[in-house]
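Report on the following structure.
The values are calculated or read from the model by the stated rules, or taken from the named source; none is laboratory data. These numbers come from a predicted model, not from an experiment. All Cβ positions, even for glycine, are placed from backbone atoms using ideal geometry, and neighbour counts span all protein chains on display.
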Amino acid sequence: MRKGLWQVVAVLVAMMILVTGCGKSIGKSAEQGQAAQGQQSSLLTVKVLDIGQGDAILIRVAGQAVLVDTGDIEHRDKMVSYIKKEGITTIDKVIITHPHADHLGGMPGILENFKVGQIYDSGQTATTALYRQYLSMVNKKNIPFTIVTSGTEIIIANDIKLKIFAPEKPFITESEINNNSVVSKLIYNKFSMLLTGDAEKDSEARMLKTYAGELKSNVLKVGHHGSNTSSSPGFLKSVAPEAAIISVGANNDYHHPHPSTLKKYEQAKLKVYRTDLDGTITVTSDGNTYNITKEK
C-alpha cells in the first residue's frame, strides 16, 4: 500500500472514533435545543440546487442550515456563490451521501468558504484524490465527523429531523458505492421528503424489508438522477410520493433521467420537477402543508 494511502486510512480511523451508534438521535446540543423551543411554526425551506449533473440540497429552518451533498467539482464555484447569496456564513450540518465526485466535489469549496459545524458521512471510502483532500481538510479543521447508519436520527430543530434509512451495515458490497448512499427522510410534523442520494435497486430492496411502513413521503428526491437503476416499482409504491424532484444536468452524457423511469412517474401520476428544465426547485412547508416552486 502506498504511503499516501496509508495516511488517508489513518485519518479515517481517527475520525471513526467519533462515530455515533446506530439508532441514536444525534446533532442537537443543549444550546440548539433551547433555541429550537417554540419553533413549531417555523417555515422549512428545502432547495434542490441547479448545479448541473450532481446533487446539492440546502435545508433551512429555525436558524439552522443543512447541506446534503455538494455537487460536482466543475460547479463548485456556482454552488458556493449561491449559498453566499443566501446570506449563509455557517453551515450547521453537512451530509455526504457517498464519495462520488458529483456529490462530494464541492466539499473543498464549502470547507474553504463557510464554517461547518458537523459532518455526517456514509463511511464508504474511496481512493480518489478528491476523497483524500476531503478527509485531510476535515481533519485539519477538526470538524466533528460522524458515520451514520440506518436507524440514526439527526435532529435539526425541536420537531424537525432526518431519519436515516440507509446504508445498513454491512454494506451491500464494497464496490457498489451508489447502493451504500445515505438515504434520509426529512420529517416536519405532517410533512416529509425522502432524500435518496444515488441509492439503487439493491438499496431500495433492503429498505423495503426494514422500513416499508416508514418510507411514505410527500416528496421524493429521486435516486441516481432518474436513472433506470433506481425507482423500482415496489419502492415507489411504498414511498407513494405526490411529487418527484430530479437533480440532473442538461444534456448530460448519462441520458438521465431515463425514459422508463419517467414513465413510472407518469403512471403513478406524480408531479415531476427537474433542475435541468426548472432550475433550482424550492420546497416550503409549515409542517402541515407544503408548496413547490420552480426557478424557471
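Evaluate the following for Met207: is it in contact (Cβ under 8 Å) with a residue 40 or more places away in the chain and either more than 22 Å from Leu67 (Cα to Cα) or in contact with a His (Cβ under 6 Å, 6 or more places away or on another chain) (or both)?
yes
Within the range 214-221, does at least one residue satisfy the condition of being within 24 Å of Tyr134 (Cβ to Cβ) and touching a Phe, Trp or Tyr at 6+ places or on another chain (Cβ under 6 Å)?
no
Could you give every pair whose Cβ atoms fall below 9 Å, whose first residue belongs to the range 227-239 and is more than 12 Å from Tyr254 (Cβ to Cβ), and whose second residue is in a helix (DSSP H, G or I) and basic (Lys, Arg), counting only separations of at least 6 or pairs across chains?
Sorted first by the residue in the range 227-239, then by its partner, the pairs are Ser230/Lys201; Ser231/Lys201; Ser231/Lys264; Ser232/Lys201; Ser232/Lys264; Pro233/Lys264; Phe235/Lys201; Leu236/Lys264.
Could you pull out the residue among Gly105, Gly109 that is in contact (Cβ under 8 Å) with a residue 12 or more places away in the chain, surrounded by 22 or more Cβ atoms within 10 Å (Cβ to Cβ), more than 28 Å from Asn218 (Cβ to Cβ) and more than 13 Å from the chain's Cα centre (by Cα)?
Answer to the check: Gly105.
Go through the range 200-214 residue by residue and tally those that are assigned to a loop (DSSP other than H, G, I, E, B), surrounded by fewer than 21 Cβ atoms within 10 Å (Cβ to Cβ) and among the acidic types (Asp, Glu).
Residues in the range 200-214 being assigned to a loop (DSSP other than H, G, I, E, B), surrounded by fewer than 21 Cβ atoms within 10 Å (Cβ to Cβ) and among the acidic types (Asp, Glu): 1 in total.
Would you confirm whether or not the range 122-144 contains a residue that is at pLDDT 95 or above, out of contact with any His (no Cβ under 9 Å at 6 or more places or on another chain) and within 25 Å of Ser217 (Cα to Cα)?
no
Across the range 179-197, which residue is nearest to the chain's Cα centre (by Cα) among those that are among the hydroxyl-bearing types (Ser, Thr, Tyr), in a strand (DSSP E or B) and under 12 Å from Leu220 (Cα atoms)?
My answer is Ser184.
Name the residue that is modelled with the highest pLDDT, counting only residues in the range 244-271 that are surrounded by 12 or more Cβ atoms within 10 Å (Cβ to Cβ) and among the small types (Gly, Ala, Ser).
Restricting to residues being surrounded by 12 or more Cβ atoms within 10 Å (Cβ to Cβ) and among the small types (Gly, Ala, Ser), the top hit is Ala244.
Looking at Arg274, Arg206, can you tell me which residue is over 24 Å from Lys161 (Cβ atoms), at pLDDT 95 or above and of a type outside the set (A, V, I, L, M, F, W, C)?
The match here is Arg274.
Among the residues of the range 171-199, what is the count of those that are surrounded by fewer than 23 Cβ atoms within 10 Å (Cβ to Cβ) and among the acidic types (Asp, Glu)?
Summing the residues that are surrounded by fewer than 23 Cβ atoms within 10 Å (Cβ to Cβ) and among the acidic types (Asp, Glu) in the range 171-199 gives 2.
Of the residues that make up the range 154-170, is at least one surrounded by fewer than 24 Cβ atoms within 10 Å (Cβ to Cβ), at pLDDT 95 or above, not in a strand (DSSP E or B) and not charged (D, E, K, R)?
Taking every residue of the range 154-170 in turn, none turns out to be surrounded by fewer than 24 Cβ atoms within 10 Å (Cβ to Cβ), at pLDDT 95 or above, not in a strand (DSSP E or B) and not charged (D, E, K, R).
Any chance the range 223-243 includes a residue that's within 15 Å of the chain's Cα centre (by Cα), modelled with pLDDT of 95 or more and among the hydrophobic types (A, V, I, L, M, F, W, C)?
No.
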